[in-house]
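Data block below; observations after.
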Amino acid sequence: MNPSVYLVKGREKSLRRRHPWVFSRGIQRVEGKPSLGQTVDVYDHQGQWLARGAFSPNSQIRVRVWTFEQEEINVDFFKKRLQQAQGLRDILAARDGLTGYRLIAAESDGLPGITIDRYENFLVCQLLSAGAEAQKDNLVEALVAQYPECSIYERSDVSVRKKEGLKERTGVLHGDMPPASVIIEENGVKISVDITGGHKTGFYLDQRDSVKRR
């Protein structure tokens, strides 16, 4: 049974609109002793279940919601989220001839604190939240199952992790070390990406439109 978080009266409104954050000031009480990143169930002030998320005692965003459904946060959960995200990316990748793209964009893909970029056969993960860190093993197992041809590298070398009580981390999570340069293609343009030393996860994959206009 997961620890429980109960909200101040009226603070449940944003969750009912499916906003995925619970701020510390909106919490009335916590039952149980959730550890850093542990999964908790969120209830309104009357005890009605609202969501399931990751607890972060060091952050003003005290809970980041994984799901608004009664489902377990396990390998299968991450597989499902990855499949949903990949289905959306397949359309763009085929249309624009992409061999590099953002596979997971955190809350937008139902995986708060997680960014995953794909560069050919390398997946680069950036884990920014306590929940993402706590679920790393499940996430990597799901990625290996869904993308057996890919190596996985972590680029969680960002200072914002300190706000979540986490240290910066980099390194191979599965497979091979990335080479000094991985060539991807966007809109007919070939781009050399430095996965281990480049900005963010190696490249500005969220700026495709800017590259296209040049």
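Check off (1) over 18 Å from the mean Cα position of the chain (by Cα); (2) part of a helix (DSSP H, G or I); (3) at pLDDT 95 or above for residue 95 and give me the number that stays unchecked.
(3)
Taking the conditions exactly as written (closer than 19 Å to residue 150 by Cα and either among the hydroxyl-bearing types (Ser, Thr, Tyr) or surrounded by 23 or more Cβ atoms within 10 Å (Cβ to Cβ) (or both)), does residue 123 satisfy them or not? Break it down into steps so the answer makes sense when it comes.
Values: closer than 19 Å to residue 150 by Cα: yes; either among the hydroxyl-bearing types (Ser, Thr, Tyr) or surrounded by 23 or more Cβ atoms within 10 Å (Cβ to Cβ) (or both): yes.
Criteria met by residue 123.
Inspect all residues belonging to segment 108-115 and state whether any of them is assigned to a strand (DSSP E or B), touching a Cys at 6+ places or on another chain (Cβ under 8 Å), of a type outside the set (A, V, I, L, M) and under 21 Å from residue 76 (Cα atoms). Walk me through how you get there before you give the answer.
So in segment 108-115, the residues assigned to a strand (DSSP E or B) come out as 114-115.
Adding the requirement that they be touching a Cys at 6+ places or on another chain (Cβ under 8 Å) leaves 114-115.
When the remaining residues are screened for being of a type outside the set (A, V, I, L, M), the result is 115.
Now drop any that are not under 21 Å from residue 76 (Cα atoms), which leaves 115.
Yes, segment 108-115 has at least one match.
Take residue 140 and decide whether it is of a type in the set (Val, Ile, Thr) and assigned to a strand (DSSP E or B). Quick ask: steps written out before the conclusion?
Working: of a type in the set (Val, Ile, Thr): yes; assigned to a strand (DSSP E or B): no.
Against the criterion (of a type in the set (Val, Ile, Thr) and assigned to a strand (DSSP E or B)), residue 140 does not qualify.
Quickly run through segment 143-189 and pick out the residues that are part of a helix (DSSP H, G or I) and either in contact with an Asp or Glu (Cβ under 8 Å, 6 or more places away or on another chain) or surrounded by fewer than 19 Cβ atoms within 10 Å (Cβ to Cβ) (or both). Steps first, please.
Let us first name the residues in segment 143-189 that are part of a helix (DSSP H, G or I), namely 143-146, 159-164.
Those that are part of a helix (DSSP H, G or I) and either in contact with an Asp or Glu (Cβ under 8 Å, 6 or more places away or on another chain) or surrounded by fewer than 19 Cβ atoms within 10 Å (Cβ to Cβ) (or both): 144, 145, 146, 159, 160, 161, 162, 163, 164.
Select, from 139, 111, the only residue that is more than 8 Å from the chain's Cα centre (by Cα), modelled with pLDDT of 95 or more and buried (at least 21 other Cβ atoms within 10 Å of the Cβ). Break it down into steps so the answer makes sense when it comes.
On the way: 111 fails: more than 8 Å from the chain's Cα centre (by Cα).
It is 139.
Pick from 26, 53: which is open to solvent by less than 70 Å² (accessible area, probe 1.4 Å) and farther than 17 Å from residue 128 by Cβ? Spell out the reasoning first.
Values: 53 fails: farther than 17 Å from residue 128 by Cβ.
Only one candidate qualifies: 26.
Give segment 126-136 a look and list any residue that's in contact with a helix residue (DSSP H, G or I) (Cβ under 7 Å, 6 or more places away or on another chain) and surrounded by fewer than 24 Cβ atoms within 10 Å (Cβ to Cβ), or say none.
Scanning segment 126-136 gives a single hit, 128.
Taking segment 32-50, which residues are at negative phi and surrounded by 14 or more Cβ atoms within 10 Å (Cβ to Cβ)?
If the condition is that a residue be at negative phi and surrounded by 14 or more Cβ atoms within 10 Å (Cβ to Cβ), then 34, 36, 38, 39, 40, 41, 42, 43, 44, 45, 50 are the ones that fit.
So residue 101 clears everything in (1) assigned to a strand (DSSP E or B); (2) modelled with pLDDT of 95 or more; (3) over 12 Å from the mean Cα position of the chain (by Cα) except one condition, right? Which one?
Here residue 101 meets the rest and fails (2).
So how many residues does segment 64-97 have that are open to solvent by less than 50 Å² (accessible area, probe 1.4 Å), within 22 Å of residue 140 (Cα to Cα) and not hydroxyl-bearing (Ser, Thr, Tyr)?
Total meeting the criteria: 14.
The values are calculated or read from the model by the stated rules, or taken from the named source; none is laboratory data. Computed from a predicted structure; not experimentally measured. Neighbour counts run over all protein chains shown; Cβ positions are idealised from the backbone, glycine included. All accessible areas refer to the heavy atoms of the entire protein, side chains included, with ligands and DNA or RNA removed. Shrake-Rupley method; radii C 1.70, N 1.55, O 1.52, S 1.80 Å.
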